[in-house]
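One structure below.
The values are calculated or read from the model by the stated rules, or taken from the named source; none is laboratory data. Values in this document were obtained by computation on a predicted structure and should not be read as measured data. A quick note on method: Cβ atoms are made from the backbone with ideal geometry, for glycine too, and the neighbour counts reach across all protein chains shown.
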Amino acid sequence: MARYVKRIIHLKKALLMSKRSLVWFRRDLRLHDHPALAQAGHDGRVLALFTLSPEMRKLEASCWWLEESLKELKTALHDKGIKLLVTDEDPTICIPKLVENHNCDQVLWNDSYATDERKVELAVKKALDAKSISYQALDGDLLFPHHELTKENGEPYSIFTPFYKRSQQETVKRPIAMPEEWQGIRAKTLKTIEELELLPDHPWTKKFANHWSPGEKAGIKKFQQFAKEDIEDYKKMRDFPDAAATSEISPYLTWGNLSVRAVYYAAKREKNAEPYLRQLVWREFAKRQLLEHPTLETKALRSEFDSFPWKASHADFEKWKRGETGYPLVDAGMKQLWETGWMHNRVRMVAASFLTKHLLLPWQWGAEWFKETLVDYDEANNGMGWQWVAGTGIDAAPYFRIFNPTTQLEKFDKNEEYVHHWKADQGLEPIVDHKEARERALEAYKSIK
């Protein structure tokens, strides 16, 4: 009798694990806390797919990070017996085709909140519906499901502080335990990672390897080191660009090498972690603003700025990009960006303020440059950040708040260690006088009030 019961249990388990799943990867390039991959593993056999979109190709610095992350993910999945296919074919065509060719029962993926990728998701859903293919999109990039944390009337928050207070009333879902055993599905290679031709024509991204190690393993190690050594003093030291006081995990979160929920719970175990946890909730807030405002990165949320008298000096823009403004803190930041694909957050704010208020150049120009050059480029954070500094957003610094790059240097890089490290030319004549630029910016603002 006991032997019969065991056999029944074994058969039931086999039936439960009989599904064949195609897991669609995009900005979730990891194995830990991966809802789609976990469900596929528990259900049965797994085939993994990454599709490169035309929008991703435009992210020159980020494409370097993406290529390195894909290489690590491919190896990690291979070690589990799972094949990773990569392609730049239209997912509305290749996904149904792979399902049919490999007798898959379902397609699973984690939601993306990038505007273009949400459009692609909708198109894929329609293609799968047309062929009666089962699919499920899971929440793998947020602390809280996107339909939660609304006002009492159901409307989304547009101001961060009440959103943050509301978030403190909820519990972040614990990271998902991944299966211990895996079964793969045999498949022929579609393209190699190298055949995706992710890297830009010019070799400037090659130097990023001197500063970064992309991928899940490096991301975990980097955060663990930060949590152990720096998170306790994060609030006190985070604004000093010469101090190694920030986690620098933004690119790992952008490409999903790290799970934000795993980071949240790991940080929560440490002393004085609240200021850092608040930044994770700010990331959440930015993604929700993008959902409500898909043009967050290109169109001012405050309509009065549609008639703002922006200038169009491409010469000034080139000097700003090259770090040749004559203001050492701004220039050091722009040189750090070009060398590493990353810039300290305090310096990002100063550089962005200089572009939009000292030079009166459109914030969209700066947002587009950051999109091209940041390894941690994130549509929501980029749009929110630029609109906050420019004063054009719904929860932004007022336009008349104009950073003085000289006093910012004195306050946050008093010994000029950051400036010297990034070799800002301190002999350059400033391209604009701060006092005159400030008065000009305020006059421009008056014209739209």
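Suppose the filter is touching a His at 6+ places or on another chain (Cβ under 7 Å) and of a type outside the set (Gly, Ala, Ser); does Thr325 pass it? Taking the combined requirement at face value, the residue does not satisfy it.
Checking the stretch 90-106 against the condition returns no match, with no residue being polar (S, T, N, Q), under 17 Å from Leu198 (Cα atoms) and touching a residue at least 40 places away in the same chain (Cβ under 8 Å). Can you tell me which residue in the stretch 29-86 is nearest to Ala187 (Cα to Cα), limited to those that are basic (Lys, Arg) and surrounded by 22 or more Cβ atoms within 10 Å (Cβ to Cβ)? That would be Arg45. Here Pro200 passes the criteria (1) of a type outside the set (Phe, Trp, Tyr); (2) at pLDDT below 95; (3) crowded, with 19+ Cβ neighbours inside 10 Å except the one numbered (3).
Where in the stretch 58-177 are there strands (runs of 3 or more DSSP E), lying wholly inside it, with at least 1 residues that are over 23 Å from Asp376 (Cα atoms) and in contact with a Gly (Cβ under 6 Å, 6 or more places away or on another chain)? Please lay out each step first, then the result.
Values: elements: 84-87, 106-110, 134-138.
Ranges flagged: none.
Cβ-Cβ distances below 9 Å connect the following pairs, each with a first residue in the stretch 75-89 that is of a type in the set (Ser, Thr, Tyr), a second residue that is in a loop (DSSP other than H, G, I, E, B), and a separation of six or more residues or different chains: Thr87/Leu52; Thr87/Leu190.
Provide a single number: the residues in the stretch 18-57 that are among the hydrophobic types (A, V, I, L, M, F, W, C) and either part of a helix (DSSP H, G or I) or at pLDDT below 95 (or both).
Number of matching residues: 5.
For a quick check of your reading: which helices (runs of 4 or more DSSP H) sit entirely within the stretch 194-267 and have at least 2 residues that are on the phi > 0 side of the Ramachandran plot and without any contact (Cβ under 8 Å) to a residue 60 or more places away in the chain? Step through it out loud before you land on a result.
Numbers: elements: 216-229, 234-237, 250-254.
Filter on the stretch 194-267 gives an empty set.
Residue count for the stretch 305-318 satisfying the condition of being surrounded by 12 or more Cβ atoms within 10 Å (Cβ to Cβ) and in a helix (DSSP H, G or I): 3. Can you find a residue in the stretch 388-401 that is surrounded by fewer than 22 Cβ atoms within 10 Å (Cβ to Cβ), of a type in the set (Val, Ile, Thr), at pLDDT below 95 and under 28 Å from Lys299 (Cβ atoms)? Yes, that holds for at least one residue.
The number of residues in the stretch 397-449 being touching a residue at least 60 places away in the same chain (Cβ under 8 Å), among the aliphatic types (A, V, I, L, M) and not in a helix (DSSP H, G or I) comes to 5. Within this structure, Gln225 passes the test of being within 23 Å of the chain's Cα centre (by Cα) and of a type outside the set (Phe, Trp, Tyr). Of everything listed in (1) under 23 Å from Leu52 (Cβ atoms); (2) free of Cβ contacts under 8 Å to residues at least 24 places away in the same chain, the single unmet condition for Trp109 is (2).
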